[in-house]
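Structure first, commentary second.
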Amino acid sequence: MKRHHLLAVLGMVFIVAGMLVLWTPVLAQEDPIVTNPAPPEVLSGYYDAWVTSPHADVEAEAFNHWNEDDPVEVPASCAQCHSTDGYRDYVGADGTEAGVVDAAHAVGMTITCDACHNPQASHLTSVTFPSGVVLEDVGDATRCMVCHQGRASGLSVASAIAETGITDMNEVSEDLGFINIHYYAAAASLYGGEVHAGYEFEGETYQLRNDHVEGYDTCINCHNPHTLELKVSECATCHEDVESVEDLAGIRMPGSFIDYDGDGDMREGISGEIETLQEMLYTAIQTYAEQVLEAPVEYNAGAYPYWFTADGERYGTFSPLMSIATYNYQVSRKDPGAYAHNPKYHIEILFDTISALNEQIDAQVDLSMAHRNDPGHFDATGEPFRHWDEDGEVSASCVKCHTATGLPFYLENGVTIAMEPTNGLACSTCHDDVSSGEFSLRMSDEVTFPSGAVVSFGEEEPANLCINCHQGRESTVSVNAAISRIGVGDDDVSADLSFRNPHYFAAGATLFGNETQGGYQYEGAEYVGQFTHARRVDTCIGCHDPHALTFQVDDCAECHEGVETLEDIPNIRQEEEDVEPVDYDGDGDATEPIRAEIESFEEALYGAIQSYAA
């Protein structure tokens, strides 16, 4: 019954939406006044929501820009997003070929119901971005992304530079100029490096789609599709102290606890980090224009074409690097929601552009305290999460620790399966109640290591989650098994034997020692078990911030004299009272940092390996 009722309502929506278009006044060319149709009463609620939105703003420049043109019409290149008829033309609702706008369209209309509510628009399943990248199966938000994608991409800039044949990034060419991404390109931001929204520098890796919490990761999940207003009350479920749209700019989550702009403030909203980087890039652009191009430049966000000479004239002195820098600056400035749509991507293109300009100028912008990338778990650009991009999936043997969804799946099912790559870990990797805002931790009271040993920090100890991954992938057991299968002596060479990599950051295996046998242990020798540090600082999260992964240096300083900074920690050596210090490496120094003792053994072992191999 409910389904039939829904179909009936939808049918009425399509019929009435079509009637709205038919009722739109026909405008004389000499009187291009934008008007909105009056709705039937059955749709008054939707109309009331829509009529106050930017899509219905009859006075907006977006719908009046061409009123004084000759001829008075919206050009085919603009009509797709600046008139209802143009949008219908693009989706093929007017009977013409879909995917293109075949002709100019009349001025005098906004974006009405029939733009989005017609059979062709409703069945859109893919959208092509200015870069040529096609996104498939993106749901109802496809209709939004047809327009909110910009009109240029980083590839547009690269192509313009390539066409000049210039290889010197500082060479001025009259064939180069400012390329404008256009306005409110939220979808371009959202998909970031996937659609190459900004100019991306060779050798760097960029954030792909910004993965927000499930259920709030598309245009219409976060915006009312008719009013376009943000669903602020729903944001407040997870984000504390959010009561208004203005409060959203102050949001900053634990996955962003690093100082991107280098100003020492890691508690400001992520929007503050982006704004400061924008200011830093603008400074670098002005310095570059004056020092290298010898043509000072000024930016005016409210006046086309945005870049002007000191005399207020259109700026025309562009080198390849100037085209890149002005484009990336505009990409970030013209998405007012960049901090929500894909903050990490904007930080990356801003940082990289400043770095590129710094290489060419004397008065460099100080990036010494700024950071481009996130801490390990959230570094979407790092090899631990980008290694499988070309494959399109992360193998079952790696997925537990190298995707956001692998660990939850493993904890629930006890097995792993191949999954698509993700942008690092996510809140939902470790927290199982994200949507409600509770952020309760997933439980893993017992953890199985590669040796088969099952260990635990204790019941309901959060650090057990950490050692599900920070345990390595090999052990004494696996090395012995490999040798045993071949059946050779200690010094016999076999093509069936090879290096076995314990993997990386296997801190859990180190901490539990003999209990998990993370290193190779020789028969007959005794090895220490779990390292028992002082209470409260004897687990992963007792010593590390669980989000930033940084050391809790202040806690170390309570017991270890002389510890004030991170750099001081490797110098720690502390013996128990009345215990004679041991010279482990035999170099005669029993007071050097314990780290130095270990390094001496590493050097000695490396030398022995080389001698044995020779």
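The values are calculated or read from the model by the stated rules, or taken from the named source; none is laboratory data. Computed from a predicted model, the values in this text were never measured in an experiment. Using ideal geometry, Cβ is built from the backbone for each residue, glycine included, and neighbour counts are taken over all protein chains shown.
Picking from VAL292, VAL245, VAL232, which residue would you name as being at pLDDT 95 or above, of a type outside the set (Ser, Thr, Tyr) and surrounded by fewer than 15 Cβ atoms within 10 Å (Cβ to Cβ)?
Exactly one residue qualifies, and that residue is VAL245.
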How many residues does the stretch 120-172 contain that are part of a loop (DSSP other than H, G, I, E, B) and either touching a strand residue (DSSP E or B) at 6+ places or on another chain (Cβ under 7 Å) or not charged (D, E, K, R) (or both)? 22
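Taking the options PHE457, PHE378, name whichever one is under 23 Å from PHE531 (Cα atoms) and out of contact with any Cys (no Cβ under 7 Å at 6 or more places or on another chain). Walk me through how you get there before you give the answer.
Numbers: PHE378 fails: under 23 Å from PHE531 (Cα atoms).
Among PHE457, PHE378, only PHE457 is under 23 Å from PHE531 (Cα atoms) and out of contact with any Cys (no Cβ under 7 Å at 6 or more places or on another chain).
Filtering the stretch 304-349 down to residues that are in a loop (DSSP other than H, G, I, E, B) and among the hydrophobic types (A, V, I, L, M, F, W, C), which residue is surrounded by the most Cβ atoms within 10 Å (Cβ to Cβ)?
First pass over the stretch 304-349, keeping only residues in a loop (DSSP other than H, G, I, E, B): 304-306, 309-313, 315-319, 334-337, 342.
Right, trim to among the hydrophobic types (A, V, I, L, M, F, W, C) and you get 310, 318.
Details: ALA310: 11, PHE318: 27.
The qualifying residue surrounded by the most Cβ atoms within 10 Å (Cβ to Cβ) is PHE318.
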Residue pairs within 7 Å by beta carbon, gap of at least six or interchain, first lying in the stretch 530-542 and touching a residue at least 40 places away in the same chain (Cβ under 8 Å) and surrounded by 14 or more Cβ atoms within 10 Å (Cβ to Cβ), second basic (Lys, Arg) and outside any helix (DSSP H, G or I), listed first then second, are GLY542/ARG536
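Assess whether GLY562 counts as being within 25 Å of PRO462 (Cβ to Cβ) and either in the same structural domain as PHE449 (by TED's automatic domain parsing) or small (Gly, Ala, Ser) (or both). So that I can check it myself, show each step before the final result.
Working: within 25 Å of PRO462 (Cβ to Cβ): no; either in the same structural domain as PHE449 (by TED's automatic domain parsing) or small (Gly, Ala, Ser) (or both): yes.
No; evaluated as a whole, the condition is false for this residue.
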For a quick check of your reading: which helices (runs of 4 or more DSSP H) sit entirely within the stretch 515-614 and have at least 1 residues that are touching a Cys at 6+ places or on another chain (Cβ under 8 Å)? 540-543, 553-557
Quick one: in the stretch 35-86, which of the residues that are of a type in the set (Phe, Trp, Tyr) and under 20 Å from LEU228 (Cβ atoms) is surrounded by the most Cβ atoms within 10 Å (Cβ to Cβ)? PHE63
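Looking only at the stretch 418-427, decide whether some residue is on the phi > 0 side of the Ramachandran plot, crowded, with 21+ Cβ neighbours inside 10 Å and in contact (Cβ under 8 Å) with a residue 24 or more places away in the chain.
Yes: the stretch 418-427 contains one or more residues that are on the phi > 0 side of the Ramachandran plot, crowded, with 21+ Cβ neighbours inside 10 Å and in contact (Cβ under 8 Å) with a residue 24 or more places away in the chain.
Can you pull out every residue in the stretch 87-142 that is charged (D, E, K, R) and surrounded by fewer than 22 Cβ atoms within 10 Å (Cβ to Cβ)?
Result: ASP94, GLU97, ASP102, GLU136, ASP137, ASP140.
Residue under question is GLU523, and the condition is that it be in the same structural domain as ALA463 (by TED's automatic domain parsing) and more than 38 Å from the chain's Cα centre (by Cα); does it hold? Show your work before the answer.
Numbers: in the same structural domain as ALA463 (by TED's automatic domain parsing): yes; more than 38 Å from the chain's Cα centre (by Cα): yes.
So GLU523 passes the test.
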So the check is Cβ under 7 Å with 6+ separation or different chains; which pairs have a first residue in the stretch 48-75 that's among the acidic types (Asp, Glu) and a second one that's buried (at least 17 other Cβ atoms within 10 Å of the Cβ) and part of a loop (DSSP other than H, G, I, E, B)? ASP57/THR110; GLU73/TRP66; GLU73/ALA104; GLU73/ALA106; GLU73/VAL107
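Can you find a residue in the stretch 446-466 that is of a type in the set (Ser, Thr, Tyr), in a loop (DSSP other than H, G, I, E, B) and not assigned by TED's automatic domain parsing to the domain that holds LEU511?
The first filter runs over the stretch 446-466 and keeps only residues of a type in the set (Ser, Thr, Tyr), leaving 448, 451, 456.
The next check asks that each one be in a loop (DSSP other than H, G, I, E, B); those that pass are 451, 456.
Applying the additional criterion that residues be not assigned by TED's automatic domain parsing to the domain that holds LEU511 yields none.
Checking the stretch 446-466: not a single residue is of a type in the set (Ser, Thr, Tyr), in a loop (DSSP other than H, G, I, E, B) and not assigned by TED's automatic domain parsing to the domain that holds LEU511.
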Of (1) in a helix (DSSP H, G or I); (2) under 20 Å from THR205 (Cβ atoms); (3) outside the structural domain of TYR282 (by TED's automatic domain parsing), HIS377 satisfies all except one. Which? (3)
Output the number of the condition that TYR288 fails; it satisfies all remaining conditions of (1) assigned to a loop (DSSP other than H, G, I, E, B); (2) more than 17 Å from ALA340 (Cα to Cα); (3) among the hydroxyl-bearing types (Ser, Thr, Tyr). (1)
Determine which member of the set GLU412, GLU393, GLU383 is in contact with a strand residue (DSSP E or B) (Cβ under 7 Å, 6 or more places away or on another chain) and surrounded by fewer than 16 Cβ atoms within 10 Å (Cβ to Cβ). GLU393
Residues being surrounded by fewer than 14 Cβ atoms within 10 Å (Cβ to Cβ) and β-branched (Val, Ile, Thr): count how many of those fall in the stretch 563-614. 6
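Could you say which residue among GLU194, GLU202 is at pLDDT 95 or above and loosely packed, with under 15 Cβ neighbours inside 10 Å? Give the steps one after another, and end with the answer.
Numbers: GLU194 fails: loosely packed, with under 15 Cβ neighbours inside 10 Å.
Matching residue, one of GLU194, GLU202: GLU202.
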Failed condition for PRO408, given (1) within 16 Å of VAL213 (Cβ to Cβ); (2) in contact (Cβ under 8 Å) with a residue 60 or more places away in the chain: (2)
Hey, ALA93 hydrophobic (A, V, I, L, M, F, W, C) and in contact with a helix residue (DSSP H, G or I) (Cβ under 6 Å, 6 or more places away or on another chain) or not: yes
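For the stretch 471-492, name all the residues that are under 30 Å from CYS427 (Cα atoms) and surrounded by fewer than 20 Cβ atoms within 10 Å (Cβ to Cβ).
Going residue by residue through the stretch 471-492, those that are under 30 Å from CYS427 (Cα atoms) are 471-474.
Across the stretch 471-492, the qualifying residue is only ARG473.
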Which ones in the stretch 249-289 are touching a helix residue (DSSP H, G or I) at 6+ places or on another chain (Cβ under 6 Å) and at pLDDT below 95? ARG252, GLY255, SER256
